[in-house]
Amino acid sequence: MEANKTGYTSIDEYIADFSPEIQAILTKIREVIRAAAPDAKEKISYQMPAFELNGNLVYYAAFKKHIGFYPTAGGISAFQEELSGYKGAKGSVQFPLNKPIPYELIKRITEYRAAENREKGKK
């Protein structure tokens, strides 16, 4: 399941490197992020799909047993209670592939991060 290719140049290329089941999850996450932050720009950063809006917004990536979601420390701390059932670190969370992916939570975290970054852009 884990992609072996390095040197991705687009999110499409990244997603295409996975099984159809994982492609569906990655595509849905991409759609959720786009809907939550339509003015954000897509990019590949650290060989992961990423979005930027007045700086880094969120990243995500597929691994053998989970989807990593990286909304920075601010995104994690703001949703700490809802994320408490998942493994994570200061700026990341792991959504296990053997459980439903919390797309609605990803949406709300992305909206929160977009608001943070828009405010940062005003300064």
Practice problem: Using a Förster distance of 25 angstrom, determine the FRET efficiency expected from the C-beta separation of GLU119 and LYS64, and round it to 0.05. | Solution: 0.10
Quiz item: Once you wrap a convex hull around the alpha carbon atoms of segment 3-60, what is its projected area averaged over all directions, in nm²?
Solution: 3.7 nm²
Exercise. Using θ = phi - 60° and the Karplus relation 6.51 cos²θ - 1.76 cosθ + 1.60, list the HN-Hα couplings for segment 66-76 in order, rounded to whole Hz, with x at every Gly or Pro.
Key: 7, 9, x, 10, 10, x, 6, 4, x, x, 6
Exercise. Considering only PRO100, PRO49, PRO38, give the residue with the highest GNM mean-square fluctuation for the chain, with springs between Cα atoms whenever their separation is below 10 Å.
Key: PRO100
Quiz item: So what is the 222 nm mean residue ellipticity for the chain from helices alone, if each DSSP H run of at least 4 adds -39500 (n - 2.57) and you divide by all residues, rounding to the nearest 500 deg cm²/dmol?
Solution: -13000 deg cm²/dmol
Quiz prompt | Filter on LYS41/LYS65; LYS41/LYS64; LYS41/LYS122; LYS90/LYS122 - keep pairs with C-alpha separation over 24 Å | solution = LYS41/LYS65; LYS41/LYS64; LYS90/LYS122
Quiz prompt | Relative exposure of PHE51, PHE95, PHE79, judged by other C-beta atoms within 10 Å (fewest first) | solution = PHE79, PHE95, PHE51
Self-check item: Among (i) 2, 11, 19, 22, 15, 9, 5, 5, 4, 3, 2, 1, 1, 0, 0; (ii) 2, 11, 20, 22, 21, 13, 6, 3, 1, 0; (iii) 2, 11, 23, 25, 21, 12, 4, 1, 0, the entry derived from the coordinates for P(r) over Cα pairs in 5 Å bins from 0, in percent
Solution: (iii)
Exercise. Assuming R0 = 25 Å, can you tell me the calculated FRET efficiency for the pair GLU21 and GLN80, based on Cβ-Cβ distance, to the nearest 0.05?
Key: 0.25
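Quick note: the coordinates plus some simple rules give every number you see, no bench work behind them. Quantities reported herein were computed from a predicted structural model and do not represent experimental measurements. Cβ coordinates were reconstructed from backbone atoms using ideal geometry, including for glycine residues, and neighbour counts include every protein chain displayed.
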